[in-house]
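What follows is a single structure, written as structure tokens, with notes after it.
The values are calculated or read from the model by the stated rules, or taken from the named source; none is laboratory data. Note that the structure is predicted; figures quoted are calculated from it, not measured. So basically every Cβ, Gly included, is an ideal-geometry build from the backbone, and we count neighbours across all protein chains shown.
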Amino acid sequence: MAFTIILTIVGLVLVLSEIFLIPGVGVAGILGVLSLGGACYYVFYEFGLLEGVIFTAAILAVLIGLIIYTIKTKAWKKLALDTKIDSKVQDTGESTLSIGDSGKAVTRLAPMGTARFGGKSYEVKSLEGMIDAGTEVEIVMFEDNKIYVKPVSADF
């Protein structure tokens, strides 16, 4: 009888943890169902048909009751992520940059890096190759919110 009780408790804990703690159908849920099934089988085998049916009905009633109780008490809400993301992209207004503006590479552009135009730093991409820090650069084009630059001395 103790074996049946242990299998039942382990099975209920595993099934409930699968439902409320672990997303998806995983190892805990499968092991929980196998444990409950094993407990039911053991009761059918050891005690007979009537006791097995009563035990199986009791297990199902307890499992459904625990799920309903947990949902009604909103205990699962403590486990759920309910953070609202209300951040927005910083809008700097109209961009003062235009094609042909000159600036200086703050970091090495290999091919991405930082360049300073008019006192503000921007993330830029080298049109071709790498550009060393401190090199004068010129804006060649804007594409997909990226700024493409080339060295001022380079001719394309």
Inset, instruction - Among the residues of the stretch 131-156, write down those that are more than 19 Å from Thr96 (Cβ to Cβ) and exposed (fewer than 12 other Cβ atoms within 10 Å of the Cβ). - result: Gly134, Asp144, Ser153, Asp155, Phe156
Legend entry - In the stretch 95-130, residue modelled with the highest pLDDT [restricted to those that are under 34 Å from the mean Cα position of the chain (by Cα), exposed (fewer than 15 other Cβ atoms within 10 Å of the Cβ) and assigned to a loop (DSSP other than H, G, I, E, B)]: Ala110
Inset, instruction - Can you run down the residue pairs with Cβ atoms below 7 Å, 6 or more apart or on separate chains, where the first is in the stretch 37-54 and within 19 Å of Ile9 (Cα to Cα) and the partner is among the charged types (D, E, K, R) and not in a loop (DSSP other than H, G, I, E, B)? - result: Val43/Glu51
Legend entry - Filter result (closer than 18 Å to Leu66 by Cβ and either of a type in the set (Ser, Thr, Tyr) or loosely packed, with under 12 Cβ neighbours inside 10 Å (or both)) within the stretch 5-55: Ile5, Thr8, Ser17, Leu21, Ser35
